[in-house]
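Worksheet for the structure shown next.
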Amino acid sequence: MDLRQSFVEGMSRAATFVSVITTDGEAGRFGVTVSSMTSVSADGEGPSLLVCVHHLSPAATAVLKNRAFCANLLNHNQQGISDLFSGRQKPEAGSRFDAVDWRAGQGGQPLLADASASFECVLKTALLWETHYIIVGQVQAVQLSDHPEALLYGQRSYRRAVHLP
C-alpha cells in the first residue's frame, strides 16, 4: 500500500462529525457536506472555527466571495441531508435548498432546520493548501436545536455516538 492509500485508510478510521457548510450572498447560495470542521478557539475577538473545502467546489468559491458562511452540524437523523449536499443524492426538483427546510440566520446565511448546531460566521482568512481551502470564520451567532446528537462518519459509513460506561 502506498503512502496515499495508507493515509486514506488511516483517516477512514477516524470518526468525525458531519457538517454542511452553507453560504448566501452576491456569489449565490451554495452548500457542501464536509467532515473537516472544527473549533479553533472560544477566546480572542470572538469564537472561531475552521473548515476545509475542496478548491473546485462551487461552495468554496462562493464562501470566498460572499465573505460569510454557516457551519451546520448535522444531527444523527440527517443522513439524507448529508447525502444531498455531498452530491450522493440529487434533489427531485430544483436546488438542494428546495429539498430541505432552512431559514436565513441573523447575517443572512442559510441555517438548516434541526441541525444539532448552526454556527453563522464571517470569513476571517482563507488559505489554499494544494487541493483544499482552509477557511477560518469568526462565529457571529449560534443556533442550537433540540437534537444534540451529532451525525458521525467513520469507517466509510454514518455512525452515531454511544455512551460508554
Fill in: Cross-chain or 6+ apart pairs with Cβ under 9 Å, segment 39-66 first and under 17 Å from ALA117 (Cα atoms) and without any contact (Cβ under 8 Å) to a residue 12 or more places away in the chain, then among the small types (Gly, Ala, Ser) and buried (at least 18 other Cβ atoms within 10 Å of the Cβ)
SER39/SER48; SER41/SER48; ALA42/SER48
Worksheet item: Has segment 19-34 got at least one residue that is surrounded by 17 or more Cβ atoms within 10 Å (Cβ to Cβ), of a type in the set (Ser, Thr, Tyr), in contact with a helix residue (DSSP H, G or I) (Cβ under 6 Å, 6 or more places away or on another chain) and in a strand (DSSP E or B)?
Response: yes
Discussion item. Among (1) in contact with a strand residue (DSSP E or B) (Cβ under 8 Å, 6 or more places away or on another chain); (2) without any contact (Cβ under 8 Å) to a residue 12 or more places away in the chain; (3) not hydrophobic (A, V, I, L, M, F, W, C), there is one condition SER82 misses while meeting the rest; what is its number?
Written reply: (2)
Worksheet item: Tell me, which residue of segment 1-42 that is aromatic (Phe, Trp, Tyr) and within 30 Å of ALA68 (Cβ to Cβ) is modelled with the highest pLDDT?
Response: PHE30
Fill in: Meets criteria (under 15 Å from the mean Cα position of the chain (by Cα), surrounded by fewer than 21 Cβ atoms within 10 Å (Cβ to Cβ) and either basic (Lys, Arg) or under 24 Å from VAL139 (Cβ atoms) (or both)) for SER86
yes
Worksheet entry | Residues within segment 57-73 that are more than 12 Å from LEU123 (Cβ to Cβ) and outside any strand (DSSP E or B), tallied | 4
Worksheet item: Taking into account only those residues within segment 95-142 that are β-branched (Val, Ile, Thr) and not in a strand (DSSP E or B), which is surrounded by the most Cβ atoms within 10 Å (Cβ to Cβ)?
Response: VAL100
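Using the structure shown, decide if HIS147 is surrounded by 14 or more Cβ atoms within 10 Å (Cβ to Cβ), within 16 Å of VAL20 (Cβ to Cβ) and at pLDDT below 95. Walk me through how you get there before you give the answer.
Numbers: surrounded by 14 or more Cβ atoms within 10 Å (Cβ to Cβ): yes; within 16 Å of VAL20 (Cβ to Cβ): yes; at pLDDT below 95: yes.
So HIS147 passes the test.
The values are calculated or read from the model by the stated rules, or taken from the named source; none is laboratory data. Model, not experiment: these values are computed from the prediction. FYI the Cβ positions are ideal-geometry reconstructions off the backbone, even for glycines, and counts take in every protein chain you see.
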